[in-house]
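**Student:** My questions will all concern the structure given below.
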Amino acid sequence: MVRKLSFRGASALLISSSLLLACGAETTPFKGSDKKIIQTDKTSDVRSDVTRTFSSGKTKSVELTLNSGFADLTQSFILEQNPRQQEQFIQIERPIYNDGFTQGHKGLSASQTFNISEAGIFDLLLMIDNSSSMGPYQGRLSKTLPDILRHITNTNWRIAVVTSSSPCLRKTDGGKSYMTRADFDKNPAQADIDFQKMIQVGETGNPVERGILMATQAMQETGCETGNVSWLRPDSQRAVLLLTDENNCGSASNEGCAGLPYEKAEYFFDRVGKAVTVNAMLLTQEPPSVSASNPNDPNRDCQNSGGYGEAPNPKEYVRLVEATGGRFVDICRSNYSTVLGQISEDVGKKINVQFELEFPAEIASMDIKIDGKKVNAFNINGKILSVLEPVTATNAKLTVAYKHDPITMVKSFTPSRSLDTGTIEVFVNDTALPIKDYSFNVATGKVELRDLPPELALVKLRYRDSAALPKIFTYLKDYYLETLEVTVAGTKTKNFTVDRGTKKLTLTDAPRDGQAVYITYELPGDRHVEYPILGVLNDEIEDYQIVDPATNEVLKSTLDRGTILLDPIDVQGGRVVEARYNLLHDFEGLKFVLENSKIPFPGTLKINAGGDESVCANDILVESAKLSFSCKDEDFKAIAVSYQYADDYKNTFDIGTTFSGIKSYRVFINGVETSNYTILGDELVILKKNLPPDSEVKVLVHPEV
């Protein structure tokens, strides 16, 4: 039988490699061969090398199946569509900020050791009258530092001096506002000199002596116009020594401070209290007469004092002394050394077992031991430690271990800038915390950690600025049907809306900083709906179906002048379908003639009958528009015919250049240099047998100068 079948190649049957561009960057290194030199005329222009790149065309495949006694023909082909339009957007990247914090601590460690024999904290204030007539008394007192210290040498003492005119503490030549035990131990001689200068305040002060006011303000650390000094220590034993030959606020009839708050001793009691012992050297009676014949008469120191209206006139000072359990003696008649020794002894008996620490201690951290035995009863006030347990003369050493200057430990931290809460990262000692271990408190503006970071830990907050991230993106073209798709950071999402009028796409949630957003869609006409009928002419088809063999779905279609027309709804790129034709036919032996507009590429034609390629391999003839073959028998169910052809195949290329003269050429096929070519004018010609389809041809034209 003779069956005439139309056999056309078409793009619908493409199983392709990449279509090579007509020109482009070199992708394959040159490999050496002799160059050809062609002289085109006798002139030569100096020009640079020119490289041309070409493609020999695309390979396409054809598959046909004749079955059911040659009454049916199946054409298998792949549906095509143009690549989807793709638009890429990169989300803005807001500034990243880093805030560092150092966690607090429970205190710095310290330890100290004290001799029990030197227990006690004692602060002594001397109020010196600096009005006229006081110079000799100041001179006497200035030489009595050893007497004052006689019974308190084992204490941690301080001595400050003020005058009856000012509550400002007198300063030593070294600029210190008070003397200390440490100063005395370091240099006793200098300490004695400093003491004398502090006591000798002169006689130019206010004639209305305000001893109660100045002593009170000094004990309150207030009232100094040049700046108050904090010289008193918490829980210290305290005492005041007054040196004056006048009453409070003066003794003359035209002096006094009647009605003023500091007129009476209560001013001191109400502000300082009666626990502070006041001692005094006062003029309690008229001074004795001075012996005219004895130039060394000690009463000469007193000759400018006196004149009281009644004795003892300094009654408010006397009330201060008596109410606080102190002593007072006559400023003129007393032996200062003896009196001050007695006062020192009185004070020494009252001083508690106290120690001054180097730093204010945290009471919960304290570990106190006397000769190795733990002390449980104690009190701490600032830097003053008071031992409340019995201490005997046989005890030697007290040791204290403690912590001081703690910094509050926290687990919430305030960022330095306004932030996007979704970008917060927290690191503790350079270890990132999981997000479940921290949160942001909108009310306080703080990042709150679940657990308290350890002492002195380095806590770092990293976050981005709070500027709003864009979530509206504008695409370029009208898309086909509902083919628009959105991918954010590699993940497809349907959480968006589209305004097709403005071509704006709005995401429900803005992409994070730096994330890539891809908008892809099809354009009208991207889906190929026309496919050639292969292997048969229209008038040879009795009926047909276009079927998806994977699902057996029958697709809507029409046939029109050798072309299959599909509904674009059914077209998806890469979908394999079959055109199943029922043929009108006549029989003439076992010879087949296929009308063919595309010539099979050499070596690609295969005719398979029932799995055997030799049955129909007889009398194969390929000529223009025809393919014919015959079969040895017809004991098979189907004949499968397949081959490849090159769509737009080329083996002739225009390599024209803008310069004339002698030129040399180097030709490369898929990166391998070849000499199998001919130059005809400005054309490069390569025989088909030397140039398969899907090849890249690269030509290097070099002017020979």
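**Student:** Does the range 677-690 contain any residue that is open to solvent by 50 Å² or more (accessible area, probe 1.4 Å) and under 30 Å from Ala609 (Cβ atoms)?
**Tutor:** Within the range 677-690 (the criterion being open to solvent by 50 Å² or more (accessible area, probe 1.4 Å) and under 30 Å from Ala609 (Cβ atoms)), the answer is yes, since at least one residue qualifies.
**Student:** Checking the conditions here, which among Phe70, Phe89, Phe77, Phe101 is modelled with pLDDT under 90 and open to solvent by less than 60 Å² (accessible area, probe 1.4 Å)? Steps first, please.
**Tutor:** Details: Phe89 fails: modelled with pLDDT under 90; Phe77 fails: modelled with pLDDT under 90; Phe101 fails: modelled with pLDDT under 90.
The unique qualifying residue is Phe70.
**Student:** With β-branched (Val, Ile, Thr) and within 30 Å of Asn379 (Cβ to Cβ) as the only criterion, which of Val442, Val426, Val447, Val410 stands out?
**Tutor:** Details: Val442 fails: within 30 Å of Asn379 (Cβ to Cβ); Val426 fails: within 30 Å of Asn379 (Cβ to Cβ); Val447 fails: within 30 Å of Asn379 (Cβ to Cβ).
It is Val410.
**Student:** Tell me yes or no: at least one residue of the range 219-235 is within 22 Å of Phe268 (Cβ to Cβ), over 58 Å from the mean Cα position of the chain (by Cα) and not charged (D, E, K, R).
**Tutor:** no
**Student:** Across the range 690-705, what is the number of residues that are under 55 Å from the mean Cα position of the chain (by Cα) and in a strand (DSSP E or B)?
**Tutor:** Of the residues in the range 690-705, the ones under 55 Å from the mean Cα position of the chain (by Cα) are 694-698.
Going one step further and asking which of them are in a strand (DSSP E or B), we end up with 696-698.
Result for the range 690-705: 3.
**Student:** Here's another thing I want to ask about it. Scan the range 122-136 and report the pairs whose first residue is at positive phi and whose second residue is at pLDDT below 95 and surrounded by fewer than 24 Cβ atoms within 10 Å (Cβ to Cβ), with Cβ atoms within less than 8 Å and a gap of 6+ or a chain change.
**Tutor:** Every condition considered, the pairs that remain are Ser133/Glu203; Ser133/Asn304; Ser133/Ser305.
**Student:** Also, I was wondering about something else. Tell me which residues, restricted to the range 111-142, are open to solvent by 10 Å² or more (accessible area, probe 1.4 Å), within 25 Å of Leu213 (Cβ to Cβ) and in contact with a Ser or Thr (Cβ under 7 Å, 6 or more places away or on another chain).
**Tutor:** Hits for the range 111-142 are Asn130, Ser133.
**Student:** Hey, could you check the range 634-647 for residues that are outside any strand (DSSP E or B) and touching a strand residue (DSSP E or B) at 6+ places or on another chain (Cβ under 7 Å) and say which is surrounded by the fewest Cβ atoms within 10 Å (Cβ to Cβ)? Please lay out each step first, then the result.
**Tutor:** Looking only at the range 634-647, we keep the residues that are outside any strand (DSSP E or B), and these are 634-637.
Cutting the leftovers down to touching a strand residue (DSSP E or B) at 6+ places or on another chain (Cβ under 7 Å) gives us 634, 636-637.
Values: Glu634: 17, Phe636: 16, Lys637: 13.
If we take residues in the range 634-647 being outside any strand (DSSP E or B) and touching a strand residue (DSSP E or B) at 6+ places or on another chain (Cβ under 7 Å), then Lys637 is surrounded by the fewest Cβ atoms within 10 Å (Cβ to Cβ).
**Student:** Would you pick out the residues in the range 206-245 that are open to solvent by less than 20 Å² (accessible area, probe 1.4 Å) and of a type in the set (Val, Ile, Thr)?
**Tutor:** Ile212, Thr216, Val240, Thr244
**Student:** Follow-up question, since we're still on this one. Can you find, within the range 104-129, the residue that is nearest to Ile368 (Cα to Cα) among those that are small (Gly, Ala, Ser) and modelled with pLDDT under 90?
**Tutor:** As a first pass, look at the range 104-129 and keep what is small (Gly, Ala, Ser): 104, 107, 109-111, 117, 119-120.
Filter once more, so that each one left must be modelled with pLDDT under 90: 117, 119-120.
Numbers: Ser117: 16, Ala119: 14, Gly120: 16 Å.
Of everything passing the filter in the range 104-129, Ala119 is nearest to Ile368 (Cα to Cα).
**Student:** Give the number of residues within the range 648-675 that are assigned to a strand (DSSP E or B), within 60 Å of the chain's Cα centre (by Cα) and either of a type outside the set (A, V, I, L, M) or crowded, with 19+ Cβ neighbours inside 10 Å (or both).
**Tutor:** So the first thing to find is which residues in the range 648-675 are assigned to a strand (DSSP E or B), and the list is 652-654, 662-669, 672-674.
Of the ones still in play, those that are also within 60 Å of the chain's Cα centre (by Cα) are 666-669, 672-673.
From what's left, either of a type outside the set (A, V, I, L, M) or crowded, with 19+ Cβ neighbours inside 10 Å (or both): 666-669, 673.
Number satisfying all stated conditions: 5.
**Student:** Next question. Name the single residue, out of those in the range 604-622 being part of a strand (DSSP E or B) and out of contact with any Asp or Glu (no Cβ under 9 Å at 6 or more places or on another chain), that is surrounded by the fewest Cβ atoms within 10 Å (Cβ to Cβ). Working first, answer last.
**Tutor:** First, the residues of the range 604-622 that are part of a strand (DSSP E or B): 606-609, 612, 618-622.
Filter once more, so that each one left must be out of contact with any Asp or Glu (no Cβ under 9 Å at 6 or more places or on another chain): 608, 612, 618-622.
Values: Asn608: 18, Asp612: 13, Asn618: 13, Asp619: 12, Ile620: 12, Leu621: 10, Val622: 15.
Step by step, filter the range 604-622, then rank; the result is Leu621.
**Student:** Tally time: how many residues in the range 148-188 are in contact (Cβ under 8 Å) with a residue 40 or more places away in the chain, in contact with a strand residue (DSSP E or B) (Cβ under 6 Å, 6 or more places away or on another chain) and not aromatic (Phe, Trp, Tyr)?
**Tutor:** Of the residues in the range 148-188, 9 are in contact (Cβ under 8 Å) with a residue 40 or more places away in the chain, in contact with a strand residue (DSSP E or B) (Cβ under 6 Å, 6 or more places away or on another chain) and not aromatic (Phe, Trp, Tyr).
**Student:** If you go through the range 151-182, how many residues are open to solvent by 40 Å² or more (accessible area, probe 1.4 Å) and within 24 Å of Leu385 (Cα to Cα)? Steps first, answer last, please.
**Tutor:** First pass over the range 151-182, keeping only residues open to solvent by 40 Å² or more (accessible area, probe 1.4 Å): 151, 153-154, 156, 170-171, 173-176, 178, 182.
From what's left, within 24 Å of Leu385 (Cα to Cα): 151, 153-154, 156, 178, 182.
Total satisfying the criteria: 6.
**Student:** Report every pair of residues separated by at least 6 positions or lying on different chains whose Cβ atoms are under 7 Å apart, first residue within the range 547-562 and touching a residue at least 12 places away in the same chain (Cβ under 8 Å), second open to solvent by 60 Å² or more (accessible area, probe 1.4 Å) and among the aliphatic types (A, V, I, L, M).
**Tutor:** Val547/Val554; Pro549/Val576
**Student:** Okay, moving on. Starting from residues that are open to solvent by 40 Å² or more (accessible area, probe 1.4 Å) and touching a Lys or Arg at 6+ places or on another chain (Cβ under 8 Å), keep the ones in the range 366-382 and report whichever is nearest to Ala396 (Cα to Cα).
**Tutor:** Initial filter on the range 366-382 (open to solvent by 40 Å² or more (accessible area, probe 1.4 Å)): 367, 369, 371-374, 376, 378-379, 381.
In the following step, the residues that additionally are touching a Lys or Arg at 6+ places or on another chain (Cβ under 8 Å) were identified as 367, 371.
Details: Asp367: 17, Asp371: 6 Å.
Across the range 366-382, the extreme among qualifying residues is Asp371.
**Student:** Could you pull out the residue among Pro207, Pro146 that is assigned to a helix (DSSP H, G or I) and touching an Asp or Glu at 6+ places or on another chain (Cβ under 9 Å)? Walk me through it before giving the result.
**Tutor:** Values: Pro207 fails: assigned to a helix (DSSP H, G or I).
The unique qualifying residue is Pro146.
**Student:** Here is a further query. Considering the range 430-462 alone, what residues qualify as being open to solvent by less than 80 Å² (accessible area, probe 1.4 Å) and either farther than 25 Å from Gln515 by Cα or modelled with pLDDT under 95 (or both)? Working first, answer last.
**Tutor:** Here is the first cut: in the range 430-462, the ones open to solvent by less than 80 Å² (accessible area, probe 1.4 Å) are 432-434, 437-441, 444-449, 453-454, 457, 459-462.
Correct list: Asp437, Asn441, Thr444, Gly445, Lys446, Val447, Glu448, Leu449, Pro453, Pro454, Ala457, Val459.
Quick grid of which residues meet (1) more than 19 Å from Thr65 (Cα to Cα); (2) over 60 Å from the mean Cα position of the chain (by Cα):
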| position | (1), (2) |
| --- | --- |
| His528 | yes, no |
| Lys556 | yes, yes |
| Val571 | yes, no |
| Glu578 | no, yes |
| Leu583 | no, yes |
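**Student:** (1) open to solvent by 50 Å² or more (accessible area, probe 1.4 Å); (2) in contact (Cβ under 8 Å) with a residue 40 or more places away in the chain; (3) over 54 Å from the mean Cα position of the chain (by Cα): which one isn't true of Leu145, the others all being true?
**Tutor:** Looking at each condition in turn, Leu145 falls short on (1).
**Student:** Residue check: is Lys60 modelled with pLDDT under 90, in a strand (DSSP E or B) and basic (Lys, Arg)?
**Tutor:** On the way: modelled with pLDDT under 90: yes; in a strand (DSSP E or B): yes; basic (Lys, Arg): yes.
When the stated conditions are applied, Lys60 passes them.
**Student:** Go through the residues of the range 316-339 one by one and say whether even a single one is more than 21 Å from Pro136 (Cα to Cα), open to solvent by less than 20 Å² (accessible area, probe 1.4 Å) and under 52 Å from the mean Cα position of the chain (by Cα).
**Tutor:** Checked the range 316-339: no residue is more than 21 Å from Pro136 (Cα to Cα), open to solvent by less than 20 Å² (accessible area, probe 1.4 Å) and under 52 Å from the mean Cα position of the chain (by Cα).
**Student:** Look at Lys477 and say whether it is more than 30 Å from Val387 (Cβ to Cβ), open to solvent by 60 Å² or more (accessible area, probe 1.4 Å), part of a loop (DSSP other than H, G, I, E, B) and out of contact with any Cys (no Cβ under 7 Å at 6 or more places or on another chain). Spell out the reasoning first.
**Tutor:** On the way: more than 30 Å from Val387 (Cβ to Cβ): yes; open to solvent by 60 Å² or more (accessible area, probe 1.4 Å): yes; part of a loop (DSSP other than H, G, I, E, B): yes; out of contact with any Cys (no Cβ under 7 Å at 6 or more places or on another chain): yes.
The answer is yes for Lys477.
**Student:** Which of (1) closer than 21 Å to Thr59 by Cβ; (2) modelled with pLDDT of 85 or more; (3) exposed (fewer than 15 other Cβ atoms within 10 Å of the Cβ) does Ala625 not meet, given it meets every other one?
**Tutor:** (2)
Here's the yes/no breakdown for (1) part of a loop (DSSP other than H, G, I, E, B); (2) hydroxyl-bearing (Ser, Thr, Tyr):
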{"residue": "Leu385", "(1), (2)": "no, no"}
{"residue": "Thr394", "(1), (2)": "yes, yes"}
{"residue": "Met409", "(1), (2)": "yes, no"}
{"residue": "Gly422", "(1), (2)": "no, no"}
{"residue": "Val426", "(1), (2)": "no, no"}
{"residue": "Val447", "(1), (2)": "no, no"}
{"residue": "Lys460", "(1), (2)": "no, no"}
{"residue": "Ala467", "(1), (2)": "yes, no"}
{"residue": "Pro470", "(1), (2)": "yes, no"}
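**Student:** Going by the conditions given, is Val318 free of Cβ contacts under 8 Å to residues at least 60 places away in the same chain and within 13 Å of Leu243 (Cβ to Cβ)?
**Tutor:** For Val318, the condition - free of Cβ contacts under 8 Å to residues at least 60 places away in the same chain and within 13 Å of Leu243 (Cβ to Cβ) - is not met.
**Student:** Kindly provide the set of residues from the range 541-585 that are within 27 Å of Ser628 (Cβ to Cβ), open to solvent by less than 30 Å² (accessible area, probe 1.4 Å) and not in a loop (DSSP other than H, G, I, E, B), ordered by number. Before the answer, list the steps.
**Tutor:** Restricting attention to the range 541-585, the residues satisfying the condition of being within 27 Å of Ser628 (Cβ to Cβ) are 541-544, 559, 561-564, 578-585.
Right, trim to open to solvent by less than 30 Å² (accessible area, probe 1.4 Å) and you get 541, 562, 564, 579, 581, 583.
Passing the criteria: Ile541, Ile564, Ala579, Tyr581, Leu583.
**Student:** If you take the residues in the range 393-429 that are under 12 Å from the mean Cα position of the chain (by Cα) and more than 19 Å from Gly104 (Cβ to Cβ), which one is surrounded by the most Cβ atoms within 10 Å (Cβ to Cβ)?
**Tutor:** Just the residues of the range 393-429 that are under 12 Å from the mean Cα position of the chain (by Cα), to begin with: 415-417, 419, 423-428.
Those left that are additionally more than 19 Å from Gly104 (Cβ to Cβ): 417, 419, 423-425.
Numbers: Arg417: 11, Leu419: 21, Thr423: 16, Ile424: 17, Glu425: 16.
In this case the residue turns out to be Leu419.
The values are calculated or read from the model by the stated rules, or taken from the named source; none is laboratory data. Note that the structure is a prediction, hence the values are computed from the model and not measured. Quick reminder, even Gly has a Cβ in these numbers, built from the backbone with ideal geometry, and neighbours come from all protein chains shown. Ligands, DNA and RNA are excluded from the accessible area calculation, which covers all protein heavy atoms including side chains. Shrake-Rupley method; radii C 1.70, N 1.55, O 1.52, S 1.80 Å.
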